[in-house]
Amino acid sequence: MTTKENDCTIPESINYKDHWNAAYTKNTTEKLGWYEESSKETIELIKETKVEKDARILNVGAGSSLLIDELVQEGYLQLIANDLSEKALNDIKERLKEDASKVDFIVDDLVNPTALNDVDKVDVWNDRAVLHFFLKEEEQQAYFNLLKKLVKVGGYVIIAVFATDGAEKCCGLNLQRYNTEMLQEKLGANFSLEKSFNHTFVNPYGGERPYVYSLFKRRK
């Protein structure tokens, strides 16, 4: 079975945890509409920060992304993988085998966090394709409140989201699309833009998905 981003059906009242667990249960990672063989854009931005290999890197909404595998291979020592779906994180654990011990896996909700509230401050907050799922103002506020709580002064924020001309839905869910200025407004004056670029992601089914990637540094 395969899935495209718009193949998922959404009832009027949705349990998002069940929804994402179902998506990762029904399909292998390579068949998911948001699968990317290499996370080179994210890796390059992490390298731009020049953080040490023992930097604390929190990957929010990691899903079953191969990014975690790549970061382990790059030699980063304090990796955190978060997702609402335990099935997605278990897929990463199974791939990594004994290397899974090098990653701290946290199943938690970014807009209603519990375990994440107790995480020590991080050097890098990395989000590839999560923020755009939060449509309500209170959800977005909760997301950025958590980010500001966890990212240390001098730390970095990497956000990759659907651009304003990007897809309107992913896995049946409506999206809030962004540009760099909108992200800057959400982060506030204590975060400075270090780098930003547009990137068109081509999904496993040949669909073009315009993204915007941004790297911010926390100054205060």
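The values are calculated or read from the model by the stated rules, or taken from the named source; none is laboratory data. This structure is a prediction, so every number in the text was calculated from the model and none was measured. Cβ placement follows ideal geometry from the backbone for every residue including glycine, while neighbour counts extend to all protein chains displayed.
General observations
- The set of residues from segment 165-197 being without any contact (Cβ under 8 Å) to a residue 24 or more places away in the chain and among the polar types (S, T, N, Q) comprises just one member, 196.
- The condition (being over 18 Å from residue 128 (Cβ atoms) and among the β-branched types (Val, Ile, Thr)) is satisfied by just one residue among 49, 42, 28: 28.
- Selected residue (only one of 104, 165, 108, 120 is touching a strand residue (DSSP E or B) at 6+ places or on another chain (Cβ under 9 Å), within 23 Å of residue 14 (Cα to Cα) and among the acidic types (Asp, Glu)): 108
- Summed over segment 178-211, the residues that are under 17 Å from the mean Cα position of the chain (by Cα) and at pLDDT below 95 give a count of 7.
- First in segment 30-51 and at negative phi and at pLDDT below 70, second anywhere and basic (Lys, Arg) and part of a helix (DSSP H, G or I), Cβ under 8 Å, 6 or more apart: none
- Test: residue in segment 86-102 that is surrounded by 21 or more Cβ atoms within 10 Å (Cβ to Cβ), in contact with a helix residue (DSSP H, G or I) (Cβ under 8 Å, 6 or more places away or on another chain) and over 21 Å from residue 213 (Cα atoms): yes
Results for (1) within 18 Å of residue 26 (Cα to Cα); (2) not in a strand (DSSP E or B), shown as yes or no for each residue.
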| position | (1), (2) |
| --- | --- |
| 63 | yes, yes |
| 69 | no, yes |
| 73 | no, yes |
| 79 | no, no |
| 91 | yes, yes |
| 94 | yes, yes |
| 99 | no, yes |
